[in-house]
């Protein structure tokens, strides 16, 4: 897990350096801090989204839509009444391997970029 955190951490640093160089064809500390902030914010938002999905926040909404569409289809409702079976949707659980590394690395780099932009400029 520590290795994966380090890979995401240094990968984000490398991508921010590339991003700042490709956009301006020169390396400047301010441009790099801005690129680092953008990359770390993106990584943090992606990690937060994965955490929300992994926690099952949308399972109730998916189940409600499934039940609604089962109830609005008249033919299927008649068949279910005759056969006596009810197929309720079972909520599924997704797990992501990169959730915690994205959150940890993104948060650390986000705080790092905010601190250095505040202290230098």
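Since every read-out is calculated from the coordinates, none of them should be taken as a lab result. The structure presented is a predicted model; accordingly, all values stated were derived computationally and were not measured.
Summary of values
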item: The chain: relative contact order as a whole-number percent, Cα under 8 Å and 6+ apart; result: 43 percent
item: Structure-derived volume of the Cα convex hull per residue in Å³ - corresponding label in (1) 94; (2) 141; (3) 114; result: (2)
item: Estimated 222 nm signal from helices in the chain, with DSSP H stretches of n ≥ 4 weighted -39500 (n - 2.57), rounded to 500; result: -27000 deg cm²/dmol
